[in-house]
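Step one of this worksheet: look at the structure below.
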Number of protein chains: 2
Amino acid sequence: MPYRAPVSDFQFIFDHVVDLEQVTKTDLFAEASRDVTDAILIEAGKLCEEVMAPVQRNGDLHPAVLENGVVRSSPGFSEAYQQIAEGGWVGMSADVEHGGMGLPITVTTAVNEMMSAACLSLQLNPLLTMGQIEALEHHASDEMKALYLPKLISGEWNGTMNLTEPHAGTDVGALSSKAEPNGDGTYAVTGQKIFISWGDSDMNTNTCHLVLARLPDGAAGTRGISLFMVPKFIPDENGNPGVANTLKVVSLEHKMGLHGSPTAVMQFDGAKGWLVGEEHKGMAAMFTMMNNARLGVGVQGIGAAEGAYQQAVSYAMDRKQSKTPVGDGAGTIVDHADVRRMLATMKAEVFAARAISLACAASIDLARATGDADHQARAALLTPIAKAYGTDTGINVSSMGIQVHGGMGFIEETGAAQYLRDVRVTAIYEGTNGIQAMDLVARKMMDGGEAAFRLSEEIETAAEAARGSLPELAEDVWGAAEDLRETTEWMVAQDMNDRFAGAVPYLRGFALALGAHFHLKAAVAEGADGPRTALARFFIKRILPEHNALFAHAREGAEGLYALSPEDLVA
Amino acid sequence: MPYRAPVSDFQFIFDHVVDLEQVTKTDLFAEASRDVTDAILIEAGKLCEEVMAPVQRNGDLHPAVLENGVVRSSPGFSEAYQQIAEGGWVGMSADVEHGGMGLPITVTTAVNEMMSAACLSLQLNPLLTMGQIEALEHHASDEMKALYLPKLISGEWNGTMNLTEPHAGTDVGALSSKAEPNGDGTYAVTGQKIFISWGDSDMNTNTCHLVLARLPDGAAGTRGISLFMVPKFIPDENGNPGVANTLKVVSLEHKMGLHGSPTAVMQFDGAKGWLVGEEHKGMAAMFTMMNNARLGVGVQGIGAAEGAYQQAVSYAMDRKQSKTPVGDGAGTIVDHADVRRMLATMKAEVFAARAISLACAASIDLARATGDADHQARAALLTPIAKAYGTDTGINVSSMGIQVHGGMGFIEETGAAQYLRDVRVTAIYEGTNGIQAMDLVARKMMDGGEAAFRLSEEIETAAEAARGSLPELAEDVWGAAEDLRETTEWMVAQDMNDRFAGAVPYLRGFALALGAHFHLKAAVAEGADGPRTALARFFIKRILPEHNALFAHAREGAEGLYALSPEDLVA
């Protein structure tokens, strides 16, 4: 079965779960009327179904390769990419001033999820460019904006993020790439960067590298890092790709999945670069880009989960095996209780993750449109949850998708395995999910937990309102919000390492409480007898209870971990 | 870091957790003295470390291929296999009468785990042969035993299981392969079988297929199925491989992992076969083989988990990244709380799964040695738990192993991804884990839950005894056993489909209770301050609490699942 864009689910969530109208009634997003956003979803859905999904398997079977120093992308990718670019999809949320559509991130997030489901490795190219566009919008000079943004927004050029070095991954501050002033306002950037997705592309006429490097007077650690624009081809006086810069792709990685996305080792040899933002403030600039990129990566996980789910449900509705417990017993395996359980789990987790990602996006939009600090804090809090829970859901659901297929799931031609192999990296890149959880309990609780408490109150208030129509479900969700509040209180009272010890289970417990909240909102909107209510009941009664164990784990602290020495672990 | 055989952990579990002495003091296993079993573990460990582990990656990079109708195995596999065969490892638990070592399954299970960790795809060959040896020992005529067993036990020949057909996977009874009597006591077997692991082998001089097929007068369904020995080469009068039988490998599958193990589509065209056991009693014979093969597959999962764990802990002790919260902060990532949490989770789950598999094996041995029905029932009950929890642990731990490696985990050269890709199938073959769970709540509770209740009492009794030394842990384990008992009571009172709806979470909850029990036994044996006690505390305080949610899920029944129609699932 080919991918089918879940347009109506997005519309439902926009209307009843995350309140897109609150976003589109702001001045900033006044143009994004319901008609516009519907048209966007439908057009994007068509692109995903008809253009991107058909090349998904090509990327896996025929990985991007390095030939004579440049990347040759997978068959069909370039043609599909041109349609993405021509449709204006790279610049969906970019400033209208430079050719973007100026759409809310909420809408872009829905489109990104569909594109991720259709072809994750291809989608990563525009996703990274979107991140770069945003970084430049916030931090570049007007001159740099004028030069780069139109080309990035049109999709002619692509953007990359060059952070990681062999000994500087999570610890970006340990990087050793250097930038020396050339005396003419430009810089000579030298160093090696690894894990650079789409570090070169034959689908784009230029590749623009945002590179973190240290100036001669830069301090050690993250405070001494600056950000540079280092294009593959230096733009000429007309803004077209000119002479080649002194940088190259050294090699491409051989990866577990995502074969269609070339992952490059990049070498910069005194490459000409331009400072983005202020000297030594590179991390701040990169963080702007990274926060929304984290949401984007979370959504990659959800897309892969949706794709894997659709394939599994299609298989289950087609495959006959053993007498079923329904009707005359001649049905397909979808009628077996355990298969139904797996499919319901997949669908319920996808809905929860999707609603969280869109709620996060709506807060980003509202923060931008209103300047309100509470929206800003809510967005910042939801970002690591959206990233980690979205990508974990991608992994769990795609692995369950394999299971639904039985033996066929292990056969590559089926396509089920590719979802798992592709999505596995999303829990790692853009900050591992462990780092997301640590961000949640540390940086995102520098407010003493205020934003988290507001969110647990939001859940409780909605649950109170639901008591009339769905009392049992409302009670469970209310209880989960209480547990979230108590665990958050515990968290903010601890030393940092005790928080870190329980950060990952805390994040998942938080996500389950949020997921249950959004399921309940959907159920309330639909009424007691609909399928969304049945799905909400499934999630709240069968998945949400896990939050107790997760929060208990979260509150155990660090001591028990260090009772096991490294030597004990090896023994 | 190369694989290091965890010999001392097996010895500890033998001595303090599963009581191997109870097995070896029976007449049947009197030869298996402590000296003998120690020597076996040490020798097997050497074989795994020095011979098998070095070819692990070869199997992945250079899959077995079909050339001119025969399989060419991965480089180095044949040489490694010859050493397995020459060491007598194929016949570890086989009858001494035909050349086997006659060792307890408990010891064989430990060896199988080590071999699985070292090279899963190669280990699958002797594992299947072991299953065939057992089936022949139980069901073959003396003549067939005399002909086949010595060659299988020596490892000259390998054995396969031919059950699955394109439309008969879980529902074996739907198979369409036929057997016609030739009039000379032999049969002509015709049909196509899929997913036949090691369906051909250049490491063995003959491949012996056990094939399920239906005789002309065989009833529909599983009751009309008979089992046949169908060798690739028909043994000549001297018992050596003679003329080629009319069977062939049609193709090999392109799989997510386990590339070193050829997975064949087999075509039998009136191939000459010999009946094994009685006519129409093929399923019973196959089940003998399958039960212990299920334990063997569970142990494959544990082996892969151990291998993945060892690689992850080695990486974590080597990799420096960010200031650590320990000492001067200059340590490696093993000192970060979240990394320590992941490694402890991996180690604790491996221990739990390992103890369960060895407890299951000990019950098999005791049942065989004593004929006692309680041991038999305990073994039968533990088998699906050992299979499903062992393989789920394989998947979860190997995925966590990737995570510990960060970006390097997604790069194939690292080796972490191979563990996940290889082990993924173990949750599917030999009966999917869903089928294991259904077996647990249906067939294994035809005694009204008696065996399960005995097991929960066993846990409670041990927990009571532990109250003196480790009261807090003892209380938690005791409580989990109570919940297990209550949920089992609920299960046996339900209709079958309500049981099936919660079978998978019930099985995992059962496994966590058992795992906690074995951790507690280890802690009691070691005393309050040792690393095993710290690991037990980790498992009991941070992983065991999940049992509440699992048992709650298990008790939800089927109705809520069927409230979601297939159409709802697709929408």
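The values are calculated or read from the model by the stated rules, or taken from the named source; none is laboratory data. Note that the structure is predicted; figures quoted are calculated from it, not measured. Heads up, the Cβs are rebuilt from the backbone with ideal geometry, glycines too, and the neighbour counts pull from every protein chain shown. Heavy atoms of the whole protein, side chains included, go into the accessibility calculation; ligands, DNA and RNA do not. Shrake-Rupley method; radii C 1.70, N 1.55, O 1.52, S 1.80 Å.
Taking A:K193 as the residue in question, decide whether it is within 16 Å of A:E430 (Cα to Cα), among the basic types (K, R) and crowded, with 23+ Cβ neighbours inside 10 Å. Give the derivation first.
Working: within 16 Å of A:E430 (Cα to Cα): yes; among the basic types (K, R): yes; crowded, with 23+ Cβ neighbours inside 10 Å: yes.
Considered against the rule, which asks whether it is within 16 Å of A:E430 (Cα to Cα), among the basic types (K, R) and crowded, with 23+ Cβ neighbours inside 10 Å, A:K193 comes out as yes.
Of all residues in the range B:342-384, which are aliphatic (A, V, I, L, M) and farther than 30 Å from A:S565 by Cα? Before you say what the answer is, go through the steps one by one.
To start, the set of residues in the range B:342-384 that are aliphatic (A, V, I, L, M) comprises B:342-344, B:346, B:348, B:350, B:352-353, B:355-356, B:358-359, B:361-362, B:364, B:366-367, B:369, B:373, B:377, B:379-382.
B:A361, B:A362, B:I364, B:L366, B:A367, B:A369, B:A373, B:A377, B:A379, B:A380, B:L381, B:L382, listed by residue number.
Sort out which residues of the range B:143-175 are part of a loop (DSSP other than H, G, I, E, B), within 14 Å of chain A (Cβ to nearest Cβ) and of a type outside the set (D, E), and write them in order of number. Steps first, answer last, please.
Initial filter on the range B:143-175 (part of a loop (DSSP other than H, G, I, E, B)): B:154-156, B:163-164, B:166-167, B:169-171, B:175.
Then drop every residue that is not within 14 Å of chain A (Cβ to nearest Cβ), which leaves B:163-164, B:166-167, B:169-171, B:175.
Of everything in the range B:143-175, those that are part of a loop (DSSP other than H, G, I, E, B), within 14 Å of chain A (Cβ to nearest Cβ) and of a type outside the set (D, E) turn out to be B:L163, B:T164, B:P166, B:H167, B:G169, B:T170, B:L175.
Given the criterion of a type outside the set (F, W, Y), touching a Pro at 6+ places or on another chain (Cβ under 6 Å) and either at pLDDT 95 or above or not in a helix (DSSP H, G or I) (or both), identify the matching residue among B:V334, B:V326, B:V313, B:V350.
Numbers: B:V326 fails: touching a Pro at 6+ places or on another chain (Cβ under 6 Å); B:V313 fails: touching a Pro at 6+ places or on another chain (Cβ under 6 Å); B:V350 fails: touching a Pro at 6+ places or on another chain (Cβ under 6 Å).
On inspection, the qualifying residue turns out to be B:V334.
For the range B:31-71, enumerate the residues that are open to solvent by 20 Å² or more (accessible area, probe 1.4 Å) and either within 21 Å of B:M256 (Cβ to Cβ) or among the hydroxyl-bearing types (S, T, Y) (or both).
Across the range B:31-71, the qualifying residues are B:S33, B:Q56, B:R57, B:N58, B:L61, B:H62, B:P63, B:V65, B:L66.
If you check B:V55, B:V70, B:V23, B:V65, which single one turns out to be hydrophobic (A, V, I, L, M, F, W, C), under 18 Å from B:N204 (Cβ atoms) and either in the same structural domain as B:R532 (by TED's automatic domain parsing) or in contact with a Phe, Trp or Tyr (Cβ under 7 Å, 6 or more places away or on another chain) (or both)?
Working: B:V70 fails: either in the same structural domain as B:R532 (by TED's automatic domain parsing) or in contact with a Phe, Trp or Tyr (Cβ under 7 Å, 6 or more places away or on another chain) (or both); B:V23 fails: under 18 Å from B:N204 (Cβ atoms); B:V65 fails: either in the same structural domain as B:R532 (by TED's automatic domain parsing) or in contact with a Phe, Trp or Tyr (Cβ under 7 Å, 6 or more places away or on another chain) (or both).
Checking each option against the conditions leaves just B:V55.
So which of A:I364, A:I395, A:I333 ends up being closer than 23 Å to A:M115 by Cβ, open to solvent by 10 Å² or more (accessible area, probe 1.4 Å) and within 12 Å of chain B (Cβ to nearest Cβ)? Even if it seems obvious, please write down each step before you answer.
On the way: A:I364 fails: within 12 Å of chain B (Cβ to nearest Cβ); A:I333 fails: closer than 23 Å to A:M115 by Cβ.
Step by step, each of A:I364, A:I395, A:I333 is checked, and only A:I395 is closer than 23 Å to A:M115 by Cβ, open to solvent by 10 Å² or more (accessible area, probe 1.4 Å) and within 12 Å of chain B (Cβ to nearest Cβ).
Select from the range B:371-387 the residues that are more than 20 Å from B:V17 (Cβ to Cβ) and in a helix (DSSP H, G or I) and list them in ascending order.
B:A373, B:Q376, B:A377, B:A380, B:P384
Does A:A304 fit the bill of being at pLDDT 95 or above, within 30 Å of A:D439 (Cβ to Cβ) and surrounded by fewer than 22 Cβ atoms within 10 Å (Cβ to Cβ)? Steps first, answer last, please.
Working: at pLDDT 95 or above: yes; within 30 Å of A:D439 (Cβ to Cβ): yes; surrounded by fewer than 22 Cβ atoms within 10 Å (Cβ to Cβ): no.
Answer is no for this residue.
Mind listing whichever residues of the range B:132-148 are open to solvent by less than 20 Å² (accessible area, probe 1.4 Å) and touching a Ser or Thr at 6+ places or on another chain (Cβ under 9 Å)?
Here is the first cut: in the range B:132-148, the ones open to solvent by less than 20 Å² (accessible area, probe 1.4 Å) are B:132-133, B:135-136, B:140, B:144, B:148.
Across the range B:132-148, the qualifying residues are B:Q132, B:I133, B:A135.
Filter the range B:318-337 down to residues that are of a type outside the set (V, I, T), within 12 Å of A:A558 (Cα to Cα) and out of contact with any Phe, Trp or Tyr (no Cβ under 6 Å at 6 or more places or on another chain), then give me how many there are.
Keep residues of the range B:318-337 that are of a type outside the set (V, I, T), which gives B:318-323, B:325, B:327-331, B:335-337.
Among the residues that remain, those that are also within 12 Å of A:A558 (Cα to Cα) are: B:325, B:335-337.
So of that shortlist, the ones also out of contact with any Phe, Trp or Tyr (no Cβ under 6 Å at 6 or more places or on another chain) come out as B:325, B:335-336.
Adding up the residues that qualify gives 3.
Given A:R223, A:R294, which one is outside the structural domain of A:E134 (by TED's automatic domain parsing), touching a His at 6+ places or on another chain (Cβ under 7 Å) and touching a residue at least 12 places away in the same chain (Cβ under 8 Å)? Can you show your working first?
Working: A:R294 fails: touching a His at 6+ places or on another chain (Cβ under 7 Å).
Within the list A:R223, A:R294, the selection yields A:R223.
Quick check on this structure: which one of B:A388, B:A377, B:A451 is touching a Leu at 6+ places or on another chain (Cβ under 6 Å), in contact (Cβ under 8 Å) with a residue 60 or more places away in the chain and more than 23 Å from B:G303 (Cα to Cα)? Reasoning before the result, please.
Working: B:A388 fails: more than 23 Å from B:G303 (Cα to Cα); B:A377 fails: touching a Leu at 6+ places or on another chain (Cβ under 6 Å).
When all the criteria are applied, what remains is B:A451.
Please count how many residues of the range A:337-361 are among the charged types (D, E, K, R) and more than 14 Å from chain B (Cβ to nearest Cβ).
Narrowing the range A:337-361 to residues among the charged types (D, E, K, R): A:338, A:340-341, A:347, A:349, A:354.
Applying the additional criterion that residues be more than 14 Å from chain B (Cβ to nearest Cβ) yields A:354.
Residues that pass the stated criteria total 1.
Collect the residues in the range B:231-266 that are among the basic types (K, R) and in contact (Cβ under 8 Å) with a residue 40 or more places away in the chain, keeping them in residue-number order. Reasoning before the result, please.
Here is the first cut: in the range B:231-266, the ones among the basic types (K, R) are B:232, B:248, B:255.
If the condition is that a residue be among the basic types (K, R) and in contact (Cβ under 8 Å) with a residue 40 or more places away in the chain, then B:K248, B:K255 are the ones that fit.
Which numbered condition trips up A:L258, out of (1) on the phi > 0 side of the Ramachandran plot; (2) over 25 Å from the mean Cα position of the chain (by Cα); (3) surrounded by 20 or more Cβ atoms within 10 Å (Cβ to Cβ)?
The number of the failed condition is (2).
If you go through the range A:407-436, how many residues are hydrophobic (A, V, I, L, M, F, W, C), surrounded by 24 or more Cβ atoms within 10 Å (Cβ to Cβ) and within 7 Å of chain B (Cβ to nearest Cβ)? Steps first, answer last, please.
Of the range A:407-436, the ones hydrophobic (A, V, I, L, M, F, W, C) are A:408, A:410-411, A:416-417, A:420, A:423, A:425, A:427-428, A:435.
Adding the requirement that they be surrounded by 24 or more Cβ atoms within 10 Å (Cβ to Cβ) leaves A:410, A:416-417, A:420, A:423, A:425, A:427.
Adding the requirement that they be within 7 Å of chain B (Cβ to nearest Cβ) leaves A:410, A:417, A:425, A:427.
Adding up the residues that qualify gives 4.
Scan the range B:542-561 residue by residue and report those that are facing chain A (nearest Cβ under 7 Å) and either in a helix (DSSP H, G or I) or in contact with a His (Cβ under 8 Å, 6 or more places away or on another chain) (or both).
The answer is B:R542, B:P545, B:E546, B:N548, B:A549, B:A552, B:H553, B:G560, B:L561.
Across the range A:210-236, what is the number of residues that are part of a strand (DSSP E or B) and of a type in the set (S, T, N, Q)? Even if it seems obvious, please write down each step before you answer.
Restricting attention to the range A:210-236, the residues satisfying the condition of being part of a strand (DSSP E or B) are A:210-214, A:225-231, A:233-235.
Checking the rest, the ones that are also of a type in the set (S, T, N, Q) come to A:226.
Total meeting the criteria: 1.
Quick check on the range A:7-25: of everything there that is open to solvent by 20 Å² or more (accessible area, probe 1.4 Å) and outside any helix (DSSP H, G or I), which residue is farthest from A:A522 (Cα to Cα)?
Taking the range A:7-25 first, the residues open to solvent by 20 Å² or more (accessible area, probe 1.4 Å) are A:7-9, A:11-12, A:15-16, A:19, A:21-22, A:24-25.
Add one more test, that the residue is outside any helix (DSSP H, G or I), and what stays is A:19, A:25.
Numbers: A:D19: 12, A:K25: 22 Å.
By that ranking, first place goes to A:K25.
Given the criterion surrounded by fewer than 23 Cβ atoms within 10 Å (Cβ to Cβ) and touching a residue at least 40 places away in the same chain (Cβ under 8 Å), identify the matching residue among B:A501, B:A554, B:A528, B:A513.
Values: B:A501 fails: surrounded by fewer than 23 Cβ atoms within 10 Å (Cβ to Cβ); B:A554 fails: surrounded by fewer than 23 Cβ atoms within 10 Å (Cβ to Cβ); B:A513 fails: surrounded by fewer than 23 Cβ atoms within 10 Å (Cβ to Cβ).
Testing whether each residue is surrounded by fewer than 23 Cβ atoms within 10 Å (Cβ to Cβ) and touching a residue at least 40 places away in the same chain (Cβ under 8 Å) leaves just B:A528.
Based on what the data block shows, is A:L122 in contact (Cβ under 8 Å) with a residue 24 or more places away in the chain, outside any helix (DSSP H, G or I) and outside the structural domain of A:W198 (by TED's automatic domain parsing)? If you could, list the steps in order and put the result at the bottom.
On the way: in contact (Cβ under 8 Å) with a residue 24 or more places away in the chain: yes; outside any helix (DSSP H, G or I): no; outside the structural domain of A:W198 (by TED's automatic domain parsing): yes.
The answer is no for A:L122.
With the requirement that a residue be out of contact with any His (no Cβ under 7 Å at 6 or more places or on another chain) and of a type in the set (S, T, Y), what does the range B:132-182 give you? If you could, list the steps in order and put the result at the bottom.
Of all residues in the range B:132-182, those out of contact with any His (no Cβ under 7 Å at 6 or more places or on another chain) come to B:132-144, B:146-148, B:151-152, B:154-159, B:161, B:163-173, B:175-182.
Within the range B:132-182, B:S141, B:Y148, B:S154, B:T164, B:T170, B:S176, B:S177 meet the criteria.
Hey, B:G282 hits all of (1) without any contact (Cβ under 8 Å) to a residue 24 or more places away in the chain; (2) of a type outside the set (S, T, N, Q); (3) crowded, with 24+ Cβ neighbours inside 10 Å but one; which does it fall short on?
Among (1) without any contact (Cβ under 8 Å) to a residue 24 or more places away in the chain; (2) of a type outside the set (S, T, N, Q); (3) crowded, with 24+ Cβ neighbours inside 10 Å, B:G282 violates only (1).
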